[in-house]
Amino acid sequence: MTEPPVSQSIDQKASAPASPLAAAARRARYVIAWERLWPPLAALATATGLFLAVSWLGLWLWLPPLGRAAGLLLFIAVALWAAFPFFFLRLPRFGDALRRLDRVSGLQHRPATAIADQLAVNAQDPYSLALWNAHVARSLQSVKALRAGAPAPRVAGRDPYALRALVLVTAIAAFIAAGGERWQRIAAAFDWHGVGVPANFRVDAWVAPPPYTGRPPIILPGIHPGEATAAAAQTEGPVSVPVNSTLVVRATGKLIELSTSGGLVPSNEQVRPPAGAEEHRFTITGTGAATLRGAGENLVWPFNAIPDKPPTIALIKDPEQQSRGALLLSYRLEDDYGVAEAQATFARKEVSGATSPVRPLFGPPDFALVLPQARTKSGTGQTIKDLTDHPWAGAEVVMTLVARDDAGNEGKSEPFTFRLPERIFTKPLARALIEQRRNLALDANARPVVTTALDALAIAPERFTPQAGIYLGLRSIYWSLARAKTDDDLRDVVKQLWQMAVGIEDGDIANAEEALRNAENALQQALDRGASDQEIKALMDQLRAAMDRFVQALAEQLKNSR
């Protein structure tokens, strides 16, 4: 049997995928490649880990832009030095793998190299060829014993103090400590805004609380030549300010970059800054922060917005009716910055079993409450209001006290149900007219019932309404109601019913009292506008005449009542 030729090259012998020598050589090449690759790779990873560790520890936030630029260039130089061996990295060849197999396996006569060797003498010599074939056959028997061994990159020799492990532990601890700011802290290394800052550059910042709070402005740390305030601004906690306060940042000498987060929104207030200055205004609507860049050093102003609580108002005691029918309300008010206004609001008490919705002709008798003082923070107040002439007088109502502050917050008291005070009429016809007036005013749908009642009041005028003027007035109101087409017409009827009831009850004294009141108002308005002496003298004469008529009418009423 003819022996195979022994003049094949090393690569040709190793190309057979099933060859045991090729598989062992491939493993040896992988081991050698790792031994050559791992040392520079470990150095580069150590430099990268050191950069991440110092970034997550916040070093770049503490340094000015120039320091950040210098530090980043230093790390780039270290990374290039660590990556420099990659330029001379050589992949292992097949011969390197064979020599490693011979060295690590510890076999005699270098079997791996012998298998790949070629016969040096003339291959036609039968004796030399037989001897060579015997040598190769003996080497092939040792192929299974060839070992590539474990990689030995000898990194410990280059790093005897295990600094790479220290960097790894520090990077892990800094990663945990950085929390959600990891990417921001890394990005800070590349923020070089403000490396060159003019000498006359400065930044001032302050917070102006809303005027109604009565609080003074809060001066924030800025950037002033010769002063190191950035570190102080970073270490201080959030500044507590009232909600809707205005943050003002003013810079001179250089444009700045200002970013906000959280509840800081650009202000709509238009204010022209001084010449040569740049100004930014923000409204603090919630907790947030403002970050200043491009000023030589970064500044962060965190804010904690104190919410404006709504005011509170409550009745101290139940509403009281005064001797002449006026309503007395006593209440307590509280607010963190002061109550701006208060009001008593009314609503009709719901009637159980009502078949149809009511349609009142007049709104509720809401009125403003007297405050103990301007912008009352805590105090009690009283308000007296005469509602006897209001169409709702005598009706069951639900009253709610409402207090508001300057920020628009609103607080309400517990609803209180009671009957509104009304004027007491002693004459039967006046009482009947007032009752029908209230029925019509509270529900326009009661018009048919009121019309029937007014028509009934005109029955037997010689007995119930002997005075011709009263009878004619009743018929006039009746026909006005019967022919009314709009709600305004119905409201005129309500007013006529009131005037007629008061006239029946008081007689001429009502007209005299109204004339006296009009004369007083006219004189007061003249005095307020600074009228001439002649006009004031004429108004004084009118007031004196109205007073005489009122006294005369009052005397006649007392005489008739005896």
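The values are calculated or read from the model by the stated rules, or taken from the named source; none is laboratory data. Because the structure is a prediction, the values reported are computed rather than measured. Positions of Cβ are backbone-derived with ideal geometry, glycine not excepted, and every protein chain shown enters the neighbour counts. Ligands, DNA and RNA are stripped out before the accessible areas are found, and what is left, the full protein with its side chains, is counted by its heavy atoms. Shrake-Rupley method; radii C 1.70, N 1.55, O 1.52, S 1.80 Å.
Data for the structure
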{"read-out": "Lys485 vs. criteria open to solvent by 60 Å² or more (accessible area, probe 1.4 Å), within 28 Å of Gln322 (Cβ to Cβ) and basic (Lys, Arg)", "value": "no"}
{"read-out": "Residue in segment 253-268 that is modelled with pLDDT under 90, assigned to a loop (DSSP other than H, G, I, E, B) and closer than 21 Å to Asn409 by Cβ present", "value": "yes"}
{"read-out": "Leading residue by the ranking (farthest from Asp405 (Cα to Cα)) among those in segment 320-336 that are hydroxyl-bearing (Ser, Thr, Tyr) and at pLDDT 90 or above", "value": "Ser330"}
{"read-out": "Members of segment 362-404 found to be under 15 Å from Ser330 (Cβ atoms) and not in a strand (DSSP E or B), listed by number", "value": "Leu369, Val370, Leu371, Pro372"}
{"read-out": "Selected residue (only one of Ala347, Ala368 is at pLDDT 90 or above, within 34 Å of the chain's Cα centre (by Cα) and under 30 Å from Asp308 (Cα atoms))", "value": "Ala368"}
{"read-out": "Members of segment 333-348 that are small (Gly, Ala, Ser) and surrounded by fewer than 17 Cβ atoms within 10 Å (Cβ to Cβ)", "value": "Ala347"}
{"read-out": "Meets criteria (at pLDDT 85 or above and either crowded, with 18+ Cβ neighbours inside 10 Å or within 17 Å of Gln552 (Cα to Cα) (or both)) for Leu516", "value": "no"}
{"read-out": "Helices (runs of 4 or more DSSP H) enclosed by segment 151-246 - at least 3 residues per element that are among the small types (Gly, Ala, Ser), at pLDDT 80 or above and open to solvent by less than 30 Å² (accessible area, probe 1.4 Å)", "value": "163-178"}
{"read-out": "Condition check for Pro421: open to solvent by less than 30 Å² (accessible area, probe 1.4 Å), assigned to a loop (DSSP other than H, G, I, E, B), modelled with pLDDT of 90 or more and within 18 Å of Glu320 (Cβ to Cβ)", "value": "yes"}
{"read-out": "Sole exception among (1) open to solvent by 10 Å² or more (accessible area, probe 1.4 Å); (2) in contact with an Asp or Glu (Cβ under 9 Å, 6 or more places away or on another chain) for Ser330, by number", "value": "(1)"}
{"read-out": "Ser532 without any contact (Cβ under 8 Å) to a residue 40 or more places away in the chain and touching a helix residue (DSSP H, G or I) at 6+ places or on another chain (Cβ under 7 Å)", "value": "no"}
{"read-out": "Which listed residue, of Lys317, Lys309, is assigned to a loop (DSSP other than H, G, I, E, B), within 30 Å of Thr388 (Cα to Cα) and at pLDDT 90 or above", "value": "Lys317"}
{"read-out": "Yes/no for Leu44 being open to solvent by less than 60 Å² (accessible area, probe 1.4 Å) and touching a Gly at 6+ places or on another chain (Cβ under 7 Å)", "value": "no"}
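Conditions tested, residue by residue: (1) open to solvent by less than 30 Å² (accessible area, probe 1.4 Å); (2) in a helix (DSSP H, G or I); (3) in contact (Cβ under 8 Å) with a residue 40 or more places away in the chain.
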site: Arg438; (1), (2), (3): no, yes, yes
site: Asn445; (1), (2), (3): no, yes, yes
site: Val449; (1), (2), (3): no, yes, no
site: Leu454; (1), (2), (3): yes, yes, no
site: Glu462; (1), (2), (3): no, yes, no
site: Ile470; (1), (2), (3): no, yes, yes
site: Gly473; (1), (2), (3): yes, yes, no
site: Ile477; (1), (2), (3): yes, yes, no
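One line per residue, one yes/no per condition, for (1) touching a Gly at 6+ places or on another chain (Cβ under 9 Å); (2) among the hydroxyl-bearing types (Ser, Thr, Tyr); (3) in contact (Cβ under 8 Å) with a residue 60 or more places away in the chain:
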position: Leu258; (1), (2), (3): yes, no, no
position: Ser261; (1), (2), (3): yes, yes, no
position: Ser267; (1), (2), (3): no, yes, no
position: Ala289; (1), (2), (3): yes, no, no
position: Ile316; (1), (2), (3): no, no, yes
position: Glu320; (1), (2), (3): no, no, no
position: Arg324; (1), (2), (3): no, no, yes
